[in-house]
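What follows is a short report on a single structure.
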Amino acid sequence: MKLSPLSVPYKAAQKGGSIVFTLAFVLFSGASAFLGSIGGPLVAIGLLGLVVVVLVGYETLYYQRYDYDLTPDTFDIRSGVVSRRNREIPLRRIQNVDISRNVVQRVLGIAALDFETAGGSDTEAAIRYVTFEEAKRLQSEIARLKRGDAEDAPEVESDELFALSDRELGIVGALSFDLRGPGILFFLLSGSIPFVSSFFEFGVEATILALGGVLVLGGIVLVSWLAGFALAVVNYYGFRLSRTDDELLYERGLLQRYDGSIPFDKIQTLTVEDNPLKRRFGYATLAIETAGYAPGQGTQRGSEAAVPLAERDRVLSLANDIEAFGTPEFTRPPKRIRRRYAARYLIVLGVVTALLFGVNTLLGASLPWYGTLAVLPLIPVAAHYKWKHRGYWLGENHVVTRNGFWKRQTKVVPYYRIQTVIDSRTIFQRRWHVATVTVDTAGSLSLSNQDAAAVDVEATDAERLRGELEDRLVTSVAERRSKRRQVIGPVEAETVADGESEGEEQRDAPDDASPSGV
């Protein structure tokens, strides 16, 4: 099977844009005088024509020498103009087939396909470009072959779980902030532009300086909010989430339209996320992390927003539909830990106060360095809320952890998805006789220390918790394998288990094995 013929002019124009820009830069630079002596505009036109011929010629050869084939067991790709490359991707290793289309591609009726496998940081294979109908066919056919359905099996029906209304999209934007805005404003006000920085020189009256600081802060907040609003609308316009018997299907995006799937058997962790503003109005976000990959996010690996924003009860209900974990009753850290949190906040406040005092002393400024002391009464309150929003719970089939106040995350992990249980204790935790128990999964967020974790647990309870999680992991894996043997037979069950271990880089340990604890 071949690519879409429209991929030739589209890819040529896509690559030619940067080359034309480079030529224009050269022509308007010092090189234009040299070119003028040997023909001027004629040389430029000749170079441009040569670029067009080379690009179209190369893309035509690439199109002719590129073909792919879907077999019952593999997806085969043969490509290459100068050097040939043949790839056979086992279907059992393919985790997601994601379709993306920007505005121009939607007008042309073409789409890009990305084949993702678990545990990898890069796309296993990418097809640029096929018709949208062919992309949808490949997506559904690969899903059918992985399920083992017959060729004449009826098309799998999907039930819509969630659709983002215009009102909810507006709320998503209103509650979104993009922190790249503050970085831009900081650059503008840091002295890089003399005209702007001249308004913020030391030596002006403290009142004027304070007013300038308030204006800068207001500008940062406004730019962050506007940027976050725009990005949220662009990313989640037309968001729909539906389900079949074995996967979740999603569509989203305004400028770049994504159409992909989240297989149930690849889900590692569910995360219900909120912040004080969302909690105040009763909203939350649901994110799903799969093994090493989050579909539809390009280079952003980690988790996919299954529900960008909805009422909290609705989010919890949907999360329970995916993983029936029930209603957690969290065990919080010991109450004395609130003093530890308060001490940490006091240290930070002391450092900030000392820095402001140093600026006053060294530069002769009149900054109100003592104003930071007004925060002192809020420290016990902040320590209490940090303690209140932290905890863990062991359910029948899941471990659930909760951490964070400004960005509270409730993580749900099935026991059979656990890879390792890590018991860690910092120097300061040892002084307070507490520990952190981390539940490591095959998801890529574990690479950035964002796994589910029971933080500041009593040291004795941490040892018991780690042992309990290890036991439940072994029991859960044994029960899961037993059910597979009953459904598909012992040989096929072992084959499936081996395939998951290879594809997800996830260990389904034998009954006498246990995860490591540090």
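Could you check, for region 345-353, whether at least one of its residues is within 32 Å of the chain's Cα centre (by Cα) and part of a strand (DSSP E or B)?
Filtering region 345-353 down to residues within 32 Å of the chain's Cα centre (by Cα) leaves 345, 348.
Those still in the list that are part of a strand (DSSP E or B) too: none.
No, every residue in region 345-353 fails to be within 32 Å of the chain's Cα centre (by Cα) and part of a strand (DSSP E or B).
Residues of region 78-104 that are open to solvent by less than 30 Å² (accessible area, probe 1.4 Å) and closer than 24 Å to residue 262 by Cβ: 89, 91, 94, 95, 96, 97, 98, 99, 100. Any residue that is part of a helix (DSSP H, G or I) and touching a helix residue (DSSP H, G or I) at 6+ places or on another chain (Cβ under 8 Å) - is there at least one of those in region 385-400? Among the residues of region 385-400, at least one is part of a helix (DSSP H, G or I) and touching a helix residue (DSSP H, G or I) at 6+ places or on another chain (Cβ under 8 Å), which makes the answer yes. The set of residues from region 227-279 being among the charged types (D, E, K, R) and assigned to a helix (DSSP H, G or I) comprises 265, 266, 278, 279. Against the test of being surrounded by 17 or more Cβ atoms within 10 Å (Cβ to Cβ) and either in contact with a helix residue (DSSP H, G or I) (Cβ under 7 Å, 6 or more places away or on another chain) or not aliphatic (A, V, I, L, M) (or both), the options 332, 344, 340 yield a single qualifying residue, 340. Among the candidates 282, 302, the residue that is on the phi > 0 side of the Ramachandran plot and either buried (at least 20 other Cβ atoms within 10 Å of the Cβ) or at pLDDT below 90 (or both) is uniquely 302.
Do the conditions hold for residue 380, that is, is it part of a loop (DSSP other than H, G, I, E, B) and either of a type outside the set (A, V, I, L, M) or without any contact (Cβ under 8 Å) to a residue 24 or more places away in the chain (or both)? Against the criterion (part of a loop (DSSP other than H, G, I, E, B) and either of a type outside the set (A, V, I, L, M) or without any contact (Cβ under 8 Å) to a residue 24 or more places away in the chain (or both)), residue 380 does not qualify.
Candidates 174, 126, 112, 143: the one that is within 30 Å of residue 62 (Cβ to Cβ), open to solvent by 10 Å² or more (accessible area, probe 1.4 Å) and without any contact (Cβ under 8 Å) to a residue 60 or more places away in the chain is 126.
Determine, yes or no, whether residue 363 is surrounded by 16 or more Cβ atoms within 10 Å (Cβ to Cβ), touching a residue at least 40 places away in the same chain (Cβ under 8 Å) and more than 25 Å from residue 273 (Cα to Cα). The answer is no for residue 363.
Here residue 369 meets the list (1) open to solvent by 40 Å² or more (accessible area, probe 1.4 Å); (2) under 30 Å from residue 464 (Cα atoms) almost entirely, failing just condition (2).
Okay, residues lined up against (1) at pLDDT below 90; (2) open to solvent by less than 10 Å² (accessible area, probe 1.4 Å); (3) at positive phi; (4) touching a Pro at 6+ places or on another chain (Cβ under 7 Å):
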residue: 251; (1), (2), (3), (4): no, no, no, no
residue: 256; (1), (2), (3), (4): no, no, no, no
residue: 262; (1), (2), (3), (4): yes, yes, no, yes
residue: 267; (1), (2), (3), (4): yes, yes, no, no
residue: 273; (1), (2), (3), (4): no, no, no, no
residue: 295; (1), (2), (3), (4): yes, yes, no, no
residue: 306; (1), (2), (3), (4): yes, yes, no, no
residue: 315; (1), (2), (3), (4): no, yes, no, no
residue: 326; (1), (2), (3), (4): no, no, yes, no
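From the list 126, 153, 135, which one is hydrophobic (A, V, I, L, M, F, W, C) and part of a helix (DSSP H, G or I)?
Result of the check over 126, 153, 135: 135.
The values are calculated or read from the model by the stated rules, or taken from the named source; none is laboratory data. In this text, all values refer to a predicted model and were calculated from it rather than measured experimentally. Ideal geometry is used to build each Cβ from the backbone, glycine not excepted, and the neighbour counts take in all protein chains shown. Each accessible area value is taken on the protein alone, full model and side chains, heavy atoms only, with ligands, DNA and RNA left out. Shrake-Rupley method; radii C 1.70, N 1.55, O 1.52, S 1.80 Å.
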